[in-house]
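What follows is calculated from the coordinates using simple rules that are stated; it is not laboratory data. What you are looking at is a predicted structure, and each value in this text was computed from that prediction instead of being measured. Note: ideal-geometry Cβ built from the backbone for every residue, glycine included; neighbour counts use all protein chains shown.
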Amino acid sequence: MKNISIIDSTLRDGNHAVRHQLDKNQIEPYCAAAEAAGVPVVVVGHGNGLGASSLQVGESLLTDIEIIAAARSNLKKTKLGVFIIPGFGTINKDLNKAIQEGIDLVCVSSHCTEADTTQRHINYVKERGKLVYGNLMMTHMVSKGALIDECLKMQSYGADGVILMDSAGAYIPSDVTEKISALVGSLKIPVGFHGHNNFGLAIANSIVAVEAGATILDCCVLGFGAGAGNAQLEAVVAILSKRGYLTGIDLYKILDLADLAGKKIVKTPQGVKSISIVSGLAGVFSGFVRHVERVAGQYGVDPRDVFFELGRRKAVGGQEDMIIEVAINLADKRRKNEK
Amino acid sequence: MTGRIKVAILGSGNIGTDLLMKTLRSKFLECTRFIGRNLNSKGMVKGKEVGVLLSDKGIDEIVENPGCCQLIFDATSARDHLYHWSLLKDTDKIVVDMTPSKIGKMIVPAINLNDALEHRNVNMISCGGQASIPLVHTLTQACDGVEYIEIVSSIASASAGAGTRVNIDEYIENTEEALRFFSKCNNVKVILILNPAVPSIDMQTTISAKMPKPDMRKLSAAIAKMEKSIQAYVPGYLIVVPPVYENNRVVIMVRVRGLGDYLPGYAGNLDIINCAAIATAEKYAQGKQSNRFNLAEIKS
C-alpha cells in the first residue's frame, strides 16, 4: 500500500476566496481540528504567500506572523507550512521571520518557467533544516519537457519534492497523466499536484495524478480556494482510502473538519460558476476572478472578454494590474465602435 | 576628441554591452575600454565588432592603466562593486554603479541629476526604480495624504539574466529603500513579476497609491509634464494608463520600450536604467565642459 502525503492549503488558497480576511477565530479551531484528524501538513497565510499582502493581489486582514502564530499554537504533530513566491516575499523581510516563528515547511513557488528565482530561497530553507517543496504555478502553459527542466533545477537546489500547480484549473485528466508521469520518471524526489476546479475536474485530476505516480496532493476542505476552488480534500482522502492508499488521516475526523470549515470559514459554497469556466478556458489564474469582476463592473465591460484578453496576453499570477489596463482598453474600443 | 570624457565599461553582460552601444551615440562620452573576463563572451564579441578597445583583466585593467578613463560604469555585481570601489575611492575616478551595492548616491535623472556632480560614486537603483520613482515623486509633491505606495513591475523573462534572477530579493529591498527616500513615504512595497510569454512582453510598471481622491486634473497635468522630462533621456517611456482613481487608490501605468541597442525592444527594463546612467555620465561631461566642476576635486 502506497503512502500519499496530503497538504491542507485551506488556510492559504482558501484565503483568496475571502479576500485574505481569515481571522484568528477561524485559524485556531481549524488547526486544532486538523491536528486531531491527523492531517500531515497545514499551509497557512495570504493566498499568494508571505509578503504578498498588497493592493495588487489583495490586502490581508492579519499579518503573516499573526497567522503563523495562531496556527502554531494549535499544531503539534501536524507540520505548519507557509508559501512564498520570490518577487513578492524576500528572505530578509519575510522568510527569516516565518522560520523564527516556528514553521516546519516552506513551499517556494515560481511561475512554471522561472524556477531559477527560487534557488536562494530553497537553499535558505534547506540550510535551516526545514522541509522545502518547490512549487511551479500555471503549469498548463508549458510542455512536459519544459516542466522537467524546471523541476530538475528545483531538485538541484535541494527541494524535498516538487508540486505542479494547475493554477488556472485548465487541466483535463489526460494532461495530468502526461505531465505527472513524465516528472515521476525524471526526478529523484517526490512529485505532487495541486488542482483547481474550474472545469469541475479538480478531484478527478488529483486521483489521476496519484495513479500517474504523484505522492503529494495539495488540497483544501470543501474545495475552499481561489476562483472555483481546489480539489476537495475530504473527498480526495475518502477516494484514496477506497483505492487502498494510506494518508494517515482519520476519515470521520476529516469530515468533521470539513463541517467545521463549513460553519466557521466558508461563507459562500465553492462551485463551478460561469466565470470560472471562462477563467479555465482562457488559462488565466483562478485568483483573478474577484478582481476581474470588480474592475469589469467599474468600466462596464464583459468580464468574460477581460478573461479572454488576459489569456491572449498570457498574463501570469501576480499580474492583476493588467486587469485594469485590459478593461480600460475594452471600454475605449466599445466607445469608438458606438461612435 | 575634446569635450568628451573617457569612459570605461566594467562588465560585458547585457547591461555593459548595451551601455557600450549607447556610448557610441553619445556626443559627450568616448568609450576607451570595454572590460570583461572572457574575450569570447557574447558581449566582448559585440565590442570587437564595434571596434572598441577590449580587455579581459577586470578591474586590473584600470588599476594598471589609470589614465585610460575618467569615468567607469560598473556593470558587474554588488559584491564585485564593493571590491572595485575599495580600489577606486582614493583615485579621481567617477563611478556610475549599475549594481544593487547601495554604496553610492542614488540618482534618478528626472529628479536629482545635479546631485551627481557632488558625488564620485552614484548608484542607478534599479529598472523598476527608474521607471516609477519620478512619477511617485511627482505624485507625492502634487498631492497630500499618500498613505501607501506600491510598485509592480512586469518584465520579460528573456530580459532577466542570471544576476537579476539570483538577486531578486536585493532588487525588491533596494527599490523599496529608494522609493522611501524619494517619496518621503515610509509605507511602500515593491513586487517583481517575470513573464515568459513569447513574443516577449514590454516592461510595464504599475504605481498604486492609497490616498484620498486628489484633484485628478492637476495630478494628470503634473504627471504628463514629468513623462516629458523622462522621455528626454528615455525615448521609449510611455504612460499607458494616465492617473485613474479606483478602489481608494490612484493607479498609473507605464510601459518602457527599449531602444533595441543590444537587446531587443522589449527589454525596456535594461534600457531605462542604462539611459539613466548615460544621462548621469553626460551630466558630468557637460559639467566639466562648462567648468562647473573639476573632476579631480569632487570628494567621494
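Per-structure values
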| item | result |
| --- | --- |
| Nearest-ten-degree value, helix B:268-289 long axis tilted from longest Cα axis of chain B | 60 |
| Likely footprinting exposure, A:312, B:79, fewest C-beta neighbours within 10 Å first | B:79, A:312 |
| Computed over the stretch A:59-112, the ratio Rg/Rh where both radii use C-alpha atoms and Rh is Kirkwood | 0.97 |
| Axial C-alpha extent at least 24 Å, average Kyte-Doolittle at least -0.5 - helices from chain A (DSSP) | none |
| Order of A:157, B:245 - criterion: other Cβ atoms within 10 Å of each residue's Cβ, fewest first | B:245, A:157 |
| Net charge of neighbours whose Cβ lies under 15 Å from the Cβ of residue A:265, counting Lys and Arg as +1 and Asp and Glu as -1 | -1 |
| Whole-percent pair-distance distribution, where bins are 10 Å wide, for the alpha carbons of the protein assembly as shown | 3, 16, 25, 24, 17, 10, 4, 1, 0 |
| Cα→Cβ-extended label distance, 7 Å offset, between residue A:127 and residue A:331, nm | 4.8 |
| Relative contact order, percent, chain A [alpha-carbon distance under 8 Å, six or more residues apart] | 17 |
| Geometric extent, Cα atoms of the stretch B:172-278 - Rg, Dmax (angstrom) | 14.8, 43 |
| Nitroxide proxy distance, nm - points 7 Å out along Cα→Cβ at residue B:64 and residue A:268 | 7.0 |
| Sorted by Cβ neighbour density within 10 Å, fewest at the top, the residues B:226, B:98, A:322 | B:226, A:322, B:98 |
| DSSP-defined antiparallel bridges as percent of all bridges, the stretch A:5-264, nearest 5 | 5 |
| Between helix B:78-88 and chain B: long-axis angle, C-alpha atoms, 0 to 90°, nearest 10 | 50 |
| For the stretch A:5-264, average projected area of the Cα convex hull in nm² | 11.7 |
| Å³ per residue enclosed by the Cα convex hull of chain B | 123 |
| Positive minus negative residues near residue B:160 (Lys, Arg vs Asp, Glu; Cβ under 11 Å) | -1 |
| Of A:93/A:130; B:105/B:225; B:89/B:225; A:79/A:253; B:22/B:184; A:24/A:77, those spanning more than 27 Å from alpha-carbon to alpha-carbon | B:89/B:225; B:22/B:184 |
| Fluctuation leader among A:167, A:206, A:181 - chain A, Gaussian network, Cα springs under 10 angstrom | A:181 |
| Two-site label geometry, residue B:180 and residue B:245: point separation in nm, points 7 Å out along Cα→Cβ | 2.9 |
| Selected from A:123, A:74, A:329 as most flexible by GNM, with chain A as the system and alpha-carbon contacts under 10 Å | A:329 |
| Karplus-derived 3J(HN,Hα), 6.51/-1.76/1.60, for each residue of the stretch A:214-220, Hz, glycine and proline x | 5, 10, 10, 10, 10, 9, 9 |
| Residue B:125 long-range amide H proximity, modeled H, under 5 Å | B:107 |
| Charge sum, other residues only, whose C-beta stays under 14 Å from residue B:124's C-beta, Lys/Arg counted +1 and Asp/Glu -1 | -4 |
| 17 Å tail of the calculated P(r), the stretch A:177-232, as % of Cα pairs | 34 |
| 10 Å-binned pair-distance histogram of the stretch A:1-108 (Cα, whole percent) | 16, 52, 27, 5, 0 |
| C-alpha long axis of helix B:127-142 to longest principal axis of chain B, angle in ° | 50 |
| Highest-fluctuation residue, A:118, A:215, A:90 considered, GNM on chain A with Cα pairs under 10 Å | A:90 |
| Cα centroid separation, the stretch A:196-231 to the stretch A:268-306 (Å) | 20 |
